[in-house]
Amino acid sequence: MTPAFLSVRDLHVSFRTEDGVVRAVDGLSFDLDQGKTLGIVGESGSGKSVTNLTILGLHNPLFTTVEGEIVLDGQELTTAHESELEKLRGNKVAMIFQDPLSALSPYYTVGRQIAEPYMKHTGASRKAAWKRAVEMLGKVGIPHPAERAKDYPHQFSGGMRQRAMIAMALICDPDLLIADEPTTALDVTVQAQILDLLKDLQREFGTAIIFITHDLGVIADMADDIMVMYAGGAIERGTVREVLRSPRHPYTWGLLNSMPRLDSDLSTPLSPVPGAPPSLLTPPPGCRFHPRCAFQDRVGGNRCVTERPLLAPDRASACHLTAQQKHTIFIDEIKPRLRHGQEDTA
Amino acid sequence: MLRFLLRRSLGAVVILFLLSIVAFLLFFGMPRDPALLMCGKTCTPANLENLHHVLGLDKSIPEQYGIFLHNLVLGSDGFAQGPCPAPCFGYSYHTNEQVWGTLMDRLPITVSLTLGGAVCFLVIGLGTGLIAAWKRGTLVDKTFTAGAMVISSMQIYFLGPLALAVLVYQTHLFEKPAYHEFTADPATWFTGLIIPWVVLSTIFASQYTRMARSSMIEQLQEEHVRTARAKGMSRRYVFFRYAWRGSLIPIVTIFGIDLGSLLGGAIITEYTFGLPGLGRLAVESVFFSDLPLLLGVMLFSATMILLCNIVVDAAYAYIDPRVRLA
């Protein structure tokens with residue numbers, strides 16, 4: 001088996017804060033192959049964004065400790081020198097962010113901001129880079145790109161700004177694109193356009209994508225694989241079909257169950273996952289999810305409190321329930337409540 | 001831009017107009033009679049009466065204000081001391097000299113003090129602030145921040161005499177501060193003002209150190225700064241191109257206010273170093289109930305502050321393309 005294009009092994013990221021050490025990412029491993037899309041789902045504070053900022057080395061080195069391995073195309077990133085990371089960023093690995101208004105500088109034209117990484121990484125002249133930026137703006141569907149490149153971000157609409165962000169991220173033809181909730185700040189119709197655009201561009205450039213979201217509907221549309229994160233670790237992983245059709249972790253069940261559905265009776269209240277995400281300062285012992293889990297009494301010997309379940313390398317979930325238990329609980333107790341929805345999404 | 005300047009200039013004129021009315025009313029609220037101050041030891045009621053008439057103080061306040069405005073805009077030949085071309089604030093009660101001429105005599109001193117000081121405190125303050133932000137959390141940062149804190153809690157009337165005592169009277173490293181005209185001899189102009197500049201700029205610089213540091217640190221946490229890092233721009237580039245640009249707004253705002261008020265007269269500095277600038281003139285005009293001089297200094301200082309404000313607002317539009325001038 002050839003090594004994966006991106007391979008993260010036993011990653012730990014912790015921040016020093018005034019209250020103590022926050023373990024934002026705690027023992028995370030995953031792989032991503034070239035040209036594929038990995039969807040990462042999870043609540044706020046589950047470590048999704050931190051993981052991806054760490055891949056690019058964008059954490060604040062003053063307060064952050066990183067342990068573990070991040071290997072991209074044979075290169076170890078956690079120990080890489082800042083100058084090596086700079087060559088990588090925007091070039092081999094690019095990133096787009098949630099809110100394109102605050103993620104673009106208000107002080108420079110869109111064209112200049114798109115052209116900058118191209119000049120930096122290819123050594124192109126200002127003029128050539130500008131031409132390329134205009135070309136990219138056209139490619140992401142901005143009408144009259146030559147004129148619009150001279151505009152400032154505040155003169156763009158939200159959807160156009162995100163398109164400009166995408167143009168900026170893809171200008172150096174990266175192998176890996178990290179999209180951190182790229183559609184969360186956009187309204188629904190624009191959301192669909194941006195997702196289509198990303199898919200088209202992925203097909204054209206063969207880019208691998210890490211797609212971070214908390215929207216399971218979006219992920220069903222975009223991803224090949226899904227990783228569900230909870231309290232700094234992965235708790236379930238598999239193909240989109242597997243995870244959405246036969247999820248095997250109580251937390252994933254909760255997530256699916258909490259999704260509002262248009263085809264259900266509108267008077268039924270939403271059913272959120274009970275409880276709140278744990279504090280990462282003092283995470284609960286054993287399984288991080290056990291305080292919110294309705295199924296821990298079915299696991300013998302109090303193991304949920306004493307022993308942290310691990311995620312096996314293949315299709316798996318980090319839960320002490322046996323495979324048989326997971327299967328029967330899902331079929332008998334969870335699936336009926338999801339109201340004939342899952343087949344459509346997967 | 002032209003519309004902006006026109007609109008703001010008009011606004012400034014209105015403010016100055018209102019200010020002059022307030023100043024007029026306040027003056028007549030003062031429990032002192034300027035004629036009595038001028039009248040001297042052998043004051044008779046007749047003399048006093050005569051002085052009141054000469055100074056125009058026997059007219060009603062609105063009437064006096066009308067004459068003041070008329071003289072200011074059109075000038076006047078009606079003064080016993082001689083002709084007074086516009087802008088005419090009249091003749092000082094105390095020195096009998098033309099107010100505008102006195103202002104223009106004192107202005108170079110204040111301008112020299114302010115501009116030299118401003119260059120020093122911008123270079124020192126912003127320089128140390130940027131270094132502290134760049135080296136955030138290190139010993140250098142802590143030293144600069146603590147130093148700025150200590151210095152900014154000092155006052156000119158403490159640092160000034162201290163500098164004079166140590167640098168001038170004890171070690172004779174520098175000459176006694178005095179104003180020499182720049183055009184006559186730039187070298188003595190420079191050496192005469194260096195101590196006031198250093199003292200003035202030390203106090204101001206410490207505030208700019210803290211402001212530059214904190215606004216740079218705030219800017220460096222902006223998302224667009226992170227984006228620039230994420231596309232591979234170097235730390236130095238992002239620091240100076242992205243974060244610095246955003247930090248300029250608060251710095252320019254405060255600088256406009258500081259520059260305006262210094263140009264209106266740095267009272268304490270001028271007194272400490274015996275420099276006869278506009279600030280001293282202002283205090284003297286109050287001591288002698290010298291209405292023409294008081295109005296002259298007040299309106300002149302206010303004009304400086306208003307001008308600096310207009311320049312600052314125009315600078316905003318240059319710094320931030322989202323700001324529209326209208």
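Tallying residues that are more than 30 Å from B:Asp141 (Cβ to Cβ) and either touching a strand residue (DSSP E or B) at 6+ places or on another chain (Cβ under 7 Å) or surrounded by 19 or more Cβ atoms within 10 Å (Cβ to Cβ) (or both) within segment B:174-195 yields 5.
Return only the number of the condition from (1) buried (at least 22 other Cβ atoms within 10 Å of the Cβ); (2) farther than 30 Å from A:Ala192 by Cβ; (3) away from every other protein chain (no Cβ under 14 Å) that A:Val140 does not satisfy. All conditions pass for A:Val140, except number (2).
Take A:Met165 and tell me if it is without any contact (Cβ under 8 Å) to a residue 24 or more places away in the chain, within 11 Å of chain B (Cβ to nearest Cβ) and either closer than 25 Å to B:Tyr237 by Cβ or surrounded by 15 or more Cβ atoms within 10 Å (Cβ to Cβ) (or both). Taking the combined requirement at face value, the residue does not satisfy it.
Residues in segment B:154-177: is at least one more than 14 Å from chain A (Cβ to nearest Cβ), charged (D, E, K, R) and at negative phi? Yes - at least one qualifying residue is present in segment B:154-177. Looking at B:Gly127, B:Gly90, just one residue is of a type outside the set (Val, Ile, Thr) and either more than 30 Å from B:Phe28 (Cβ to Cβ) or within 14 Å of another protein chain (Cβ to nearest Cβ) (or both), and that residue is B:Gly127. Just checking, does segment B:209-221 include any residue being assigned to a helix (DSSP H, G or I), surrounded by fewer than 20 Cβ atoms within 10 Å (Cβ to Cβ), among the hydroxyl-bearing types (Ser, Thr, Tyr) and modelled with pLDDT under 90? No, there is no match, as no residue in segment B:209-221 is assigned to a helix (DSSP H, G or I), surrounded by fewer than 20 Cβ atoms within 10 Å (Cβ to Cβ), among the hydroxyl-bearing types (Ser, Thr, Tyr) and modelled with pLDDT under 90. When segment A:60-79 is filtered for residues that are away from chain B (no Cβ under 13 Å) and either over 17 Å from A:Asp10 (Cβ atoms) or among the polar types (S, T, N, Q) (or both), the ones remaining, listed by number, are A:Thr65, A:Asp73, A:Gly74, A:Gln75, A:Thr78, A:Thr79.
Go over the candidates A:Pro153, A:Pro182, A:Pro174 one by one and state the one that is within 9 Å of chain B (Cβ to nearest Cβ), buried (at least 21 other Cβ atoms within 10 Å of the Cβ) and of a type outside the set (A, V, I, L, M). Being within 9 Å of chain B (Cβ to nearest Cβ), buried (at least 21 other Cβ atoms within 10 Å of the Cβ) and of a type outside the set (A, V, I, L, M) holds for just one of A:Pro153, A:Pro182, A:Pro174, which is A:Pro153.
For A:Val273, the conditions (1) surrounded by 12 or more Cβ atoms within 10 Å (Cβ to Cβ); (2) of a type outside the set (Ser, Thr, Tyr); (3) modelled with pLDDT of 85 or more; (4) out of contact with any Cys (no Cβ under 7 Å at 6 or more places or on another chain) are fulfilled apart from (3). Apart from one condition, B:Val22 fits all of (1) more than 22 Å from the chain's Cα centre (by Cα); (2) without any contact (Cβ under 8 Å) to a residue 60 or more places away in the chain; the exception is (1).
Only one residue in A:Ala133, A:Ala185, A:Ala164, A:Ala169 is among the small types (Gly, Ala, Ser) and not in a helix (DSSP H, G or I). Which one? Going through A:Ala133, A:Ala185, A:Ala164, A:Ala169 in turn, just one is among the small types (Gly, Ala, Ser) and not in a helix (DSSP H, G or I): A:Ala185. Out of A:Ile55, A:Ile70, A:Ile40, A:Ile96, one residue alone is over 30 Å from A:Asp187 (Cα atoms), out of contact with any Cys (no Cβ under 7 Å at 6 or more places or on another chain), of a type in the set (A, V, I, L, M, F, W, C) and in contact (Cβ under 8 Å) with a residue 12 or more places away in the chain. It is A:Ile70.
Scanning segment A:102-136 for residues that are without any contact (Cβ under 8 Å) to a residue 24 or more places away in the chain, more than 9 Å from chain B (Cβ to nearest Cβ) and in contact with a helix residue (DSSP H, G or I) (Cβ under 7 Å, 6 or more places away or on another chain) gives A:Met119, A:Ala124, A:Arg126, A:Ala129, A:Trp130, A:Val134. For residues in segment A:81-98 being surrounded by fewer than 19 Cβ atoms within 10 Å (Cβ to Cβ) and closer than 16 Å to B:Arg235 by Cα, which is farthest from the other protein chains (Cβ to nearest Cβ)? In this case the residue turns out to be A:His81.
Considering segment B:130-153 alone, what residues qualify as being assigned to a loop (DSSP other than H, G, I, E, B) and either crowded, with 17+ Cβ neighbours inside 10 Å or within 14 Å of another protein chain (Cβ to nearest Cβ) (or both)? Once the filter is applied, which keeps residues that are assigned to a loop (DSSP other than H, G, I, E, B) and either crowded, with 17+ Cβ neighbours inside 10 Å or within 14 Å of another protein chain (Cβ to nearest Cβ) (or both), segment B:130-153 yields B:Lys135, B:Arg136, B:Gly137, B:Thr138. Starting from residues that are of a type in the set (Ser, Thr, Tyr) and in contact (Cβ under 8 Å) with a residue 24 or more places away in the chain, keep the ones in segment B:237-263 and report whichever is nearest to the other protein chains (Cβ to nearest Cβ). Ranking the candidates gives B:Ser247 first.
Out of all the residues in segment A:50-59, is one or more at the interface with chain B (Cβ under 9 Å from one of its Cβ atoms), out of contact with any Lys or Arg (no Cβ under 9 Å at 6 or more places or on another chain) and over 24 Å from A:Glu204 (Cα atoms)? Within segment A:50-59 (the criterion being at the interface with chain B (Cβ under 9 Å from one of its Cβ atoms), out of contact with any Lys or Arg (no Cβ under 9 Å at 6 or more places or on another chain) and over 24 Å from A:Glu204 (Cα atoms)), the answer is no, since none of the residues qualifies.
When restricted to residues that are in contact (Cβ under 8 Å) with a residue 60 or more places away in the chain and more than 13 Å from chain A (Cβ to nearest Cβ), segment B:215-236 contains 1.
The values are calculated or read from the model by the stated rules, or taken from the named source; none is laboratory data. Predicted, not measured: the structure shown is a model, and the values here were computed from it. When we count neighbours, we look across all protein chains shown, and the Cβ atoms used for this are built from the backbone with ideal geometry, even at glycine.
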